[in-house]
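Every read-out reported here was derived from the displayed coordinates using simple, explicitly stated rules and does not represent laboratory data. This is a predicted model, so every value here is computed, not measured. Virtual Cβ from ideal backbone geometry, glycine too; neighbours counted across all protein chains shown.
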Amino acid sequence: MDLNQNEEQTMSTSNKEQRLIRPPTDYAPEVAQWVWALEDTRRRTKQALAGLTDAVVDWIPPEGGNSIGMLLYHLMAIEMSYLYEDILEIGWAAELEPLIRYDVRDQEGKLSLIQGEPLATHLQRLDAARTLLLDALRKMTPDDLRRPRLLERYAVTPEWIFHHLMQHEAEHRGQIGELRLRAEQQGQ
């Protein structure tokens, strides 16, 4: 689904900015709304990453913390965790091996150090993970969208997961923007 193309087509039909939701048609309508929102969230994240150098992707603030690369890996891994463990309820799957090569957190509970991987690698990993999510959602029915998953620690619906994934990504996008600004100010 190409949100930018959809927006360009809409813009050419009017002199006014068009802020419209146009869900994809290859999903159940109730699911399609969430797919559109998830994809819009990802589009915005990719816009925030445009033109980013690999040095900035790896930059860690002098006081410590996360790099942009660490946050991107975290976003992908959490999305896959929610998909496989909570939505599909199947746990680890072989197709995750090329994507999730590192533990999400270290022994101290901090995000694992992910360095030396170019932005292109992070984007490919995000895209591959998103493809797995979108493929699973094509099969989702409205009833399945709202069916609570009764897991060991909590009960959750896919609707809540989608809301959480968008909020999670948006919050980290804010951190990414701040890290980018600071790294670029320091000459990275």
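Could you pull out the GluC sites (Glu not before Pro) across the stretch 20-115 that fall in loop regions by DSSP (anything but H, G, I, E, B) with no more than 12 other Cβ atoms inside 10 Å? Kindly include the intermediate steps, with their values, before the conclusion.
On the way: sites: GLU30, GLU39, GLU63, GLU79, GLU85, GLU89, GLU95, GLU108; in loops: GLU63, GLU89, GLU108.
For GluC sites (Glu not before Pro) across the stretch 20-115 that sit outside H, G, I, E and B with at most 12 neighbouring Cβ atoms in 10 Å, the list reads GLU63, GLU89, GLU108.
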Review point. Over the chain, one equal point on each Cα, no solvent: what is log10 I(q)/I(0) by the Debye formula at q = 0.11 Å⁻¹?
Key: -0.55
Exercise for review: Determine the dipole magnitude for the chain: charges of +1 sit on the beta-carbon of Lys and Arg, -1 on that of Asp and Glu, nothing else is charged, the reference point is the Cα centre, and the result goes in debye to the nearest 20.
Suggested key: 380
Study note, to complete from the structure: Residue by residue through the stretch 106-118, the couplings from Karplus 6.51 cos²θ - 1.76 cosθ + 1.60 with θ = phi - 60°, in Hz, x for Gly and Pro, are 8, 5, 8, x, 8, 4, 4, 6, 10, 9, x, 9, x
Practice item. May I ask you to list the chymotrypsin sites (Phe, Trp or Tyr not before Pro) in the stretch 68-125 that are in a DSSP loop and have at most 16 other Cβ atoms within 10 Å of their Cβ? Key: TRP92, TYR102
Check your understanding: Please state the equivalent ellipsoid semi-axes for the stretch 66-105: what are the square roots of 5 times the Cα gyration tensor eigenvalues, largest first, in whole Å?
Key -> 19, 11, 7
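If each residue of separation counts as 0.36 nm, what is the full-extension length gain between GLN188 and ALA155 once their alpha-carbon separation is subtracted? All intermediate terms of the calculation are to be shown ahead of the outcome.
Numbers: separation 33, 0.36 × 33 = 11.88 nm, distance 4.38 nm.
Contour length minus the Cα-Cα distance gives 7.5 nm.
In nm, what is the difference between 0.36 nm times the number of residues separating LEU134 and GLN18 and their Cα-Cα distance? Working shown, then result.
Values: separation 116, 0.36 × 116 = 41.76 nm, distance 2.52 nm.
Computed gain between LEU134 and GLN18 is 39.2 nm.
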Review point. Which far-off residues, 5 or more places away or on another chain, put their amide H under 5 Å from the one on ARG149, with H placed in the peptide plane?
Key: VAL156, THR157
Revision key, fill the gap. Binned at 10 Å from zero, the C-alpha pair distances of the stretch 128-172 give percents of 24, 50, 26, 0
Point to revise | Among ILE60, HIS168, LEU133 - extreme Cα towards positive end, dipole of the chain, charges at beta-carbon | key: HIS168
**Study point:** ASP86 versus ALA170: modelled label distance in nm, points set 7 Å from Cα along the beta carbon direction
**Key:** 1.6
**Study point:** For the chain, built as a Gaussian network whose Cα springs stay under 10 Å, the top-fluctuating residue of TRP34, TRP59, TRP160
**Key:** TRP160
Practice item. Pull up all non-local amide H partners of ILE114: gap of 5 or more, or a different chain, and H-to-H distance under 5 Å with H placed in the peptide plane. Key: MET70
Check your understanding: Quick one: length gained pulling GLU178 to ALA37 fully straight, 0.36 nm per residue minus the C-alpha distance?
Key -> 48.4 nm
